[in-house]
Structures are given as C-alpha cells and as structure tokens.
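Structure first, then comments.
Each value in this text was obtained by applying a stated rule to the coordinates, not by laboratory testing. Computed from a predicted structure; not experimentally measured. Cβ placement follows ideal geometry from the backbone for every residue including glycine, while neighbour counts extend to all protein chains displayed.
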Amino acid sequence: MDDTIFAERGTKAEIETGDRLQPKFDEDGLIVCVVTDADDGAILMVGYMNGEALRRTIETGEAWYWSRSRQSFWKKGETSGQIQKVVEIRTDCDQDAIELRVRVEGNGATCHVGYRSCFFRKVEKRPDGSIGLVYAGGERVYDPKDVYGEP
C-alpha cells in the first residue's frame, strides 16, 4: 500500500483546520465511510476503507471499500452494475471519518437487499414497550436474486 499520498498526522490545529489529508485509521487500519447521494443528500450506506481503498477511490473516482467479513477489497457495484461515481470526498474535523458524495449508476440502488439506501427502516418503540423496526424507505428497486443469484 502506498501511504505516501497521505500526510503524516500533525498537530491538532493541522488536523482540524489544515489543508492536508491526514486520515486517522483505527487499530485495524480502517476508517468509517458514510456514503451520501450527491444530489439530494440521502444517506445511502456506511462502509469501511483502509488506506489502499481510499487511495483507489481518490485515483479512480469510483468507490472502493475494505470488506471486514471477506478481508478483501471490493469496488461497489462491480457485480451489480451500481457503481458509485464519486462527486466529492470530505473528511470530518478529526479526519477519522470520510464522506463520499456519489451518483449511483445502474438502477440507482445501493443496498444489496434491493433498496436505494441501506437505511430503509426506522427504529420504533412499540405500544407494549418493545423496540422494533418499521420499513420507511419505499419499495425495493430490484430483486437481489436477479443480481446475485440465490443466497
């Protein structure tokens, strides 16, 4: 991995208000990445990047992530055709999180279970006091079996 494109972490002032990218990766070498729609600001998904995935994203203009479960790189949409074209990359003030503002190709869905956004349910307290999930994100855009085959 070529980490030379990222500046060494500097002083608090340099990190918080400076003009150099100094990402803070966690103990596993990852940084959280929030993905939003470049046009309407909707939160589409959350993923993780290591330095190489962030570098690939910057260089290609398409979103790359690190799969914690598979321990490998994945280019979003490589199988489904729902490539995330990066419009803008932002970091938070501590540089320990990344935001990708994207436009999604193909059918415009991001979620691997068929919805536009992975955030298609909301948490709700039920009258009996239990906590549940309620669908709140519209209809499925596609049937995952058509894209990924049988589970």
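Using the 10 angstrom Cβ neighbour count as an exposure proxy, how do Lys145, Lys76 rank, fewest first? Could the numbers behind the result be given before it?
On the way: Lys145 10, Lys76 23.
Sorted ascending by nearby Cβ count, the order is Lys145, Lys76.
In what sequence, highest mean first, do 114-123, 130-139, 30-39 appear when ranked by Cβ atoms within 10 angstrom?
Details: 114-123: 16.4, 130-139: 10.1, 30-39: 18.3.
By packing density, highest mean first, the sequence is 30-39, 114-123, 130-139.
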Open item on the list: When only alpha-carbon atoms are used, what values of Rg and Dmax, in angstrom, describe the chain?
Closed with: 17.3, 55
Task: Cα centroid separation - region 105-135 against region 40-78, whole Å - done: 21
- [ ] Between Asp92 and Lys12, with labels modelled 7 Å along Cα→Cβ, what's the label distance in nm to one decimal, could you check?
- [x] 1.7
Task: Cα-based helix-to-principal-axis angle, 51-60 vs the chain, degrees rounded to 10 - done: 80
